[in-house]
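The values are calculated or read from the model by the stated rules, or taken from the named source; none is laboratory data. Every value quoted in this text rests on a predicted model; they were computed, and no experiment measured them. No Cβ is skipped: glycine too gets one built from the backbone with ideal geometry, and neighbour counts run over all protein chains shown.
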Ligand SMILES: [Fe+2]
């Protein structure tokens, strides 16, 4: 999965870089002029704002001195000392007003005072001066002192009611280093290369070189002159471009991040879904359904999941194979076990030739009773029935096969076969449930049996069942001392012994089942 994501991220990154290059190219080729024009107007607005602020400031300062009755009177009185002390000198010498020159004159021109710092302008040539002295009008204008632009404000002296103008007052502010710094601050990051004024309004307004450099000359019309500020817009341009590129980069990174999250989310969903499928399959396999195989993810979006699926499928196949082997082995073992038991039974029968097939017949009848009463351990009933006389191995063949009636001692020896059989199988796991039936198969319901003399249901049920089957088969088999009895006669004997030798309920079941068998046998013979 990670390989896939990594691959996608590389593709997205390449795509992002390509988009960025395209973005820069697009900006350069198509947006450059638009940017420059917008830039020019933006800077022009900023410069106009700066100049207007300066003019306003200058006008306020001028008005506070020129529109003053006492000052008007003093110019008429040609009181140079008063004017210097209260108005002109105060403005010229106080740095916080940022005034470079204060010039006063009466209307006749015979009283002129110039309070100036380093400034080289012929005030009387300025239009603003002429307007003030001849037309009694306030005005501002731009001047040029040969090095710096100069902002000039001129006003006639008025009395307090703004009447009776006379003479004039001119104040100037040179736009030099300090002001240019201030202008730079207003223009934010621009580098001012040149600043001057001209009467010519058509200076090159906009120069671009196509490589991120721009020169803007911004005219500022004032008093028939123009203030030009040449700005190297490279810094602004690059700053703006970085902002644009930064935004583009953020967009691209966002797209990459969103794509990444989307891929991750999608893959997580697919992954979770696939893992659930795998978990469900593993649960089924663990429950024994080893044939289950999980389908591969055909989209191949998640190769790791397919590896997991392949591993689980391989595991289930191998387990299935092992289980089959075990089952086959188990089946084989069971077969061998059955063969072993039969061999044991036949060994007993070899010693007791008159009871040939006896054990198998007892087993058949015991199972018949067991099935009829719903006995829950038919397997051990069958085993016990087949091996009930296994103890006869310990009895001499002379006694077992003796023709005629046994002596009392011989009969005692014969009776030990149930205990001998128990002793033989005791301690072997497979006979654990059968051994008591072997031991007690000669016990009687009335307690007169052997080897212990257990009574009624003290006798294990398995032993009670085998007891009936055993006696019936003995009666219906040829013995050394008598011939085989007819079925009906044997059944009657069993019936007669119900409640004494045998459990009456089991006898009833036995007779019922035997009658069914006999009836079926007759029916078959008739057919
Ligand atoms: Fe027996």
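Here the condition is being in contact with a helix residue (DSSP H, G or I) (Cβ under 7 Å, 6 or more places away or on another chain), surrounded by 13 or more Cβ atoms within 10 Å (Cβ to Cβ) and at pLDDT 80 or above; of 84, 103, 39, it holds for 103 alone.
Against the conditions (1) part of a loop (DSSP other than H, G, I, E, B); (2) touching a residue at least 12 places away in the same chain (Cβ under 8 Å); (3) surrounded by fewer than 20 Cβ atoms within 10 Å (Cβ to Cβ), residue 388 satisfies every one except (3).
For the residues 400, 406, 424, the requirement of being at negative phi, touching a helix residue (DSSP H, G or I) at 6+ places or on another chain (Cβ under 8 Å) and crowded, with 20+ Cβ neighbours inside 10 Å singles out 400.
Residues are listed down the side, and each one gets a yes or a no for (1) in the same structural domain as residue 441 (by TED's automatic domain parsing); (2) part of a helix (DSSP H, G or I); (3) free of Cβ contacts under 8 Å to residues at least 12 places away in the same chain:
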site: 360; (1), (2), (3): yes, yes, no
site: 363; (1), (2), (3): yes, yes, no
site: 366; (1), (2), (3): yes, yes, no
site: 372; (1), (2), (3): yes, yes, no
site: 375; (1), (2), (3): yes, no, no
site: 379; (1), (2), (3): yes, yes, yes
site: 384; (1), (2), (3): yes, yes, no
site: 399; (1), (2), (3): yes, yes, no
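Report, by residue number, each residue of the stretch 443-470 that is out of contact with any strand residue (DSSP E or B) (no Cβ under 8 Å at 6 or more places or on another chain), in a helix (DSSP H, G or I) and either within 15 Å of the ligand (Cβ to nearest atom) or not assigned by TED's automatic domain parsing to the domain that holds residue 496 (or both).
Here is the first cut: in the stretch 443-470, the residues out of contact with any strand residue (DSSP E or B) (no Cβ under 8 Å at 6 or more places or on another chain) are 443, 446-463, 465-466, 469-470.
Restricting the remaining residues to those that are in a helix (DSSP H, G or I) gives 456-458, 461-463, 465-466, 469-470.
Within the stretch 443-470, 462, 463, 465, 466, 469, 470 qualify.
Are any of the residues in the stretch 431-442 within 12 Å of the ligand (Cβ to nearest atom), in the same structural domain as residue 359 (by TED's automatic domain parsing) and at pLDDT below 85? The answer is no, given that none of the residues of the stretch 431-442 is within 12 Å of the ligand (Cβ to nearest atom), in the same structural domain as residue 359 (by TED's automatic domain parsing) and at pLDDT below 85. Annotation note: Cβ proximity below 6 Å between a residue of the stretch 313-333 that is assigned by TED's automatic domain parsing to the domain that holds residue 275 and a residue that is surrounded by 11 or more Cβ atoms within 10 Å (Cβ to Cβ) and part of a helix (DSSP H, G or I) (sequence gap 6+ or interchain) occurs for 316/285.
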